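Asks: Structure below; questions to follow.
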Amino acid sequence: MNLTKKIFFKYLMILFGVTAVVCIIYVGLAFDRFETDLHNSSYRESINEPDTLTIIYNPDCPRCRSVLPRLFLAHAFDSGNEHILEAHKLTSDQKTNLGENLLPTFVYKGEVLETTNYSKINKFWNKSHHSWLHSINRK
């Protein structure tokens, strides 16, 4: 192998390593956002702040696990907050009050979305996290 091929291979390996590290950090940030929201959320806050997106899920729910990781990866750097509540920690009255029937459930300003359709969930997320944009566009 001549010198140029060795140098090219070395730079290629460095690029691969840097890319891998950046990807790991990005996934870590998305996971941290989810965990932070989960541990800092409560039913009372969720009811008192209807202008904040509330996500109700169950860690063992295959529907939830098919949607939430992708959602949080796509929105790892979004501004705004969301409440994440575990369904098995809520009473049946609390679930009824929030409008949860099917998991995952997304609640924002009294509107309830129960689907795994990523496109609909993404639009709902954007509406809740970028509501100030909608108010500017309406004027």
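Asks: Please report 31, 124 as a ranked list, fewest other C-beta atoms within 10 angstrom at the top and most at the bottom.
Replies: Ascending Cβ contact count within 10 Å gives the list 31, 124.
Asks: About the Cα centre of segment 3-138, how large is the charge dipole given +1 on each Lys and Arg Cβ and -1 on each Asp and Glu Cβ? Please answer in debye to the nearest 20.
Replies: 840
Asks: Straight-line reach only, C-alpha to C-alpha below 20 angstrom: list the lysines that residue 109 could link to, leaving out same-chain residues fewer than 8 apart.
Replies: The reachable lysines, counting only those whose Cα sits under 20 Å from residue 109, are 95, 120, 123, 127.
Asks: Using label points projected 7 Å from each Cα along Cα→Cβ, tell me how many nm separate residue 60 and residue 109, to one decimal.
Replies: Between residue 60 and residue 109, the label points sit 3.7 nm apart.
Asks: Size of the dipole of segment 4-51 about the Cα centre, Lys and Arg at +1 and Asp and Glu at -1 on the beta carbon, nothing else charged, in debye to 20? Kindly include the intermediate steps, with their values, before the conclusion.
Replies: Values: 5 positive and 6 negative charges, 160 e Å.
In total the dipole reaches around 760 debye.
Asks: If each residue's Cβ is checked for other Cβ atoms within 10 Å, how do 41, 79, 46 rank with the fewest at the top?
Replies: Taking fewest neighbouring Cβ atoms as first place, the list is 79, 41, 46.
Asks: Hey, with R₀ at 25 Å, roughly what FRET efficiency would residue 22 and residue 74 work out to, going by the Cβ-Cβ distance, to 0.05?
Replies: E(calc), rounded to 0.05, equals 0.95.
Asks: Let me ask another. Put +1 on the Cβ of every Lys and Arg and -1 on every Asp and Glu Cβ in the chain; which of 112, 7, 69 then has its Cα farthest towards the positive end of the dipole?
Replies: Value: 7.
Asks: Hey, another quick one. By counting other Cβ atoms within 10 Å of each Cβ, how are 92, 66 ranked from fewest to most?
Replies: Working: 92 8, 66 12.
Ordered from fewest to most neighbouring Cβ atoms within 10 Å, 92, 66 come out as 92, 66.
Asks: May I ask for the distance between the Cα centers of segment 1-23 and segment 50-95, given as a whole number of Å?
Replies: Measuring centre to centre over Cα atoms gives 39 Å.
Asks: Given the options 96, 56, 18, identify the residue whose Cα lies farthest towards the positive end of the charge dipole of the chain (+1 on Cβ of Lys, Arg; -1 on Cβ of Asp, Glu).
Replies: So the residue we want is 18.
Asks: Where in segment 77-109 are there chymotrypsin sites (Phe, Trp or Tyr not before Pro) that are in a DSSP coil and have at most 11 other Cβ atoms within 10 angstrom of their Cβ?
Replies: Here the chymotrypsin sites (Phe, Trp or Tyr not before Pro) that fit, given the DSSP loop and packing criteria, are 77.
Asks: Okay, next question. Can you give the Rg to Rh ratio of the chain, both from alpha-carbon atoms, with Rh computed by the Kirkwood formula?
Replies: Numbers: Rg = 19.8 Å, Rh = 17.0 Å.
My calculation of the ratio gives 1.17.
Asks: Okay, next question. What are the ³J(HN,Hα) couplings of segment 74-89, residue after residue, when phi is run through the Karplus curve with 6.51, -1.76, 1.60 and θ = phi - 60°? Round to Hz, x for glycine and proline.
Replies: With coefficients 6.51, -1.76 and 1.60, one gets 5, 10, 4, 9, 5, 7, x, 10, 8, 9, 10, 10, 8, 4, 6, 9 Hz.
Asks: Using a 7 Å offset from the Cα along the Cα-to-Cβ direction at both residue 123 and residue 12, what is the distance between the two label points in nm, to one decimal?
Replies: Taking the two extended label points, one gets 4.5 nm.
Any read-out appearing in this document is the output of simple, stated calculations on the displayed coordinates, not a laboratory observation. Model, not experiment: these values are computed from the prediction. Because the Cβ atoms are built from the backbone with ideal geometry, glycine has one as well, and the counts that use them run over all protein chains shown.
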